[in-house]
1. Consider VAL191 carefully, then state whether it is at pLDDT 95 or above, of a type outside the set (D, E, K, R) and surrounded by fewer than 21 Cβ atoms within 10 Å (Cβ to Cβ).
2. Being surrounded by 16 or more Cβ atoms within 10 Å (Cβ to Cβ) and at pLDDT below 95: is that true of LEU139 here?
3. May I ask you to list the residues in the range 166-186 that are polar (S, T, N, Q), under 13 Å from the mean Cα position of the chain (by Cα) and more than 26 Å from ARG103 (Cα to Cα)?
4. Could you check the range 38-51 and list, in sequence order, the residues that are under 20 Å from ALA160 (Cβ atoms) and among the hydrophobic types (A, V, I, L, M, F, W, C)?
5. Among the residues of the range 24-38, what is the count of those that are open to solvent by 90 Å² or more (accessible area, probe 1.4 Å), out of contact with any helix residue (DSSP H, G or I) (no Cβ under 7 Å at 6 or more places or on another chain) and touching a residue at least 60 places away in the same chain (Cβ under 8 Å)?
6. So, in the range 159-207, how many residues would count as being within 16 Å of VAL113 (Cβ to Cβ), of a type in the set (Ser, Thr, Tyr) and in contact with a strand residue (DSSP E or B) (Cβ under 6 Å, 6 or more places away or on another chain)?
7. Output yes when any residue across the range 45-57 is farther than 23 Å from LEU117 by Cβ, aliphatic (A, V, I, L, M) and either modelled with pLDDT of 95 or more or outside any strand (DSSP E or B) (or both), and no when none is.
8. Restricting to the range 38-63, name every residue that is of a type in the set (S, T, N, Q) and touching a Lys or Arg at 6+ places or on another chain (Cβ under 6 Å).
Amino acid sequence: MPHVIRSKTVMAAALAAAALAGCATTQVDAQWRSIELPASYLRNSTMLVSCETGEDVVKRICEDQLGADLRARGVRVIVAAPGALPAVAPAGPTDVQYLPLARENGAKAVLSVSVGLASQTVSQGVSLGLGLGGFGRSLGGGVGVSAPIGGGQVSQGYAASGRVTDVASGRLMWTARASSPASSDVNQQFVELSKSMLDAAAAAGLF
């Protein structure tokens, strides 16, 4: 009987890994643009950038990477000083909490990015789906498969939902969701997440 239970456990873990094998690269999962979005909307503009997450180190990595990539595209970037904005935005249909600071600094738009965990992988190679509960303002969910007995080093995969809000009107102009495979290199994940998201924005006509 113990052998049967162990075999079922191994099989379940293998099936979980196979089911998640398609998520092996960083990719944009969904994207939307307003019909009111003008061509090259963000070209040579000023933007306020903010990453929303409960982990300060992840927030700083996210904002630094997005800032560097936006500057490379000719955008002037403003990042709020620590404590000037909430780390996790309150519930609401738009990013209105960012608009006063954006206006004070002459920003045309706000890029806010909600960051959360999308998956985990233990050292034995089994991926664990976390089941994101939504990208609006909070990211949550439950693990669907238990880690192998004996544990192991856990790597995490992040997901990011970016929103571009027009400062003058307060309207949402563009939004996209991207996710990266589990990795122990968090910095590299955000290099890829930033590139994927901003490439999608460029394809949508924002730059």
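1. Details: at pLDDT 95 or above: yes; of a type outside the set (D, E, K, R): yes; surrounded by fewer than 21 Cβ atoms within 10 Å (Cβ to Cβ): yes.
In short, yes.
2. Values: surrounded by 16 or more Cβ atoms within 10 Å (Cβ to Cβ): yes; at pLDDT below 95: yes.
Judged against the criteria, LEU139 is a match.
3. Taking the range 166-186 first, the residues polar (S, T, N, Q) are 169, 175, 179-180, 183-184.
Next, only the ones that are under 13 Å from the mean Cα position of the chain (by Cα) stay: 175, 179-180.
Within the range 166-186, SER179, SER180 qualify.
4. LEU42, MET47, LEU48, VAL49, CYS51
5. Taking the range 24-38 and keeping what is open to solvent by 90 Å² or more (accessible area, probe 1.4 Å), we get 31-33, 35-36.
Checking which are out of contact with any helix residue (DSSP H, G or I) (no Cβ under 7 Å at 6 or more places or on another chain) leaves us with 32-33, 35-36.
When the remaining residues are screened for being touching a residue at least 60 places away in the same chain (Cβ under 8 Å), the result is 32-33, 36.
Of the residues in the range 24-38, 3 are open to solvent by 90 Å² or more (accessible area, probe 1.4 Å), out of contact with any helix residue (DSSP H, G or I) (no Cβ under 7 Å at 6 or more places or on another chain) and touching a residue at least 60 places away in the same chain (Cβ under 8 Å).
6. Qualifying residue count for the region: 6.
7. Initial filter on the range 45-57 (farther than 23 Å from LEU117 by Cβ): 45-48.
Adding the requirement that they be aliphatic (A, V, I, L, M) leaves 47-48.
Filter once more, keeping what is either modelled with pLDDT of 95 or more or outside any strand (DSSP E or B) (or both): 47-48.
Checked the range 45-57: at least one residue is farther than 23 Å from LEU117 by Cβ, aliphatic (A, V, I, L, M) and either modelled with pLDDT of 95 or more or outside any strand (DSSP E or B) (or both).
8. If we filter the range 38-63 for residues that are of a type in the set (S, T, N, Q), which is where we start, we get 40, 44-46, 50, 53.
Across the range 38-63, the qualifying residues are SER45, THR46, THR53.
The values are calculated or read from the model by the stated rules, or taken from the named source; none is laboratory data. Bear in mind that the values here come from a model prediction, so they are computed numbers and not experimental data. Ideal geometry is used to build each Cβ from the backbone, glycine not excepted, and the neighbour counts take in all protein chains shown. Keep in mind that these areas ignore ligands, DNA and RNA; they rest on the heavy atoms of the full protein, side chains included. Shrake-Rupley method; radii C 1.70, N 1.55, O 1.52, S 1.80 Å.
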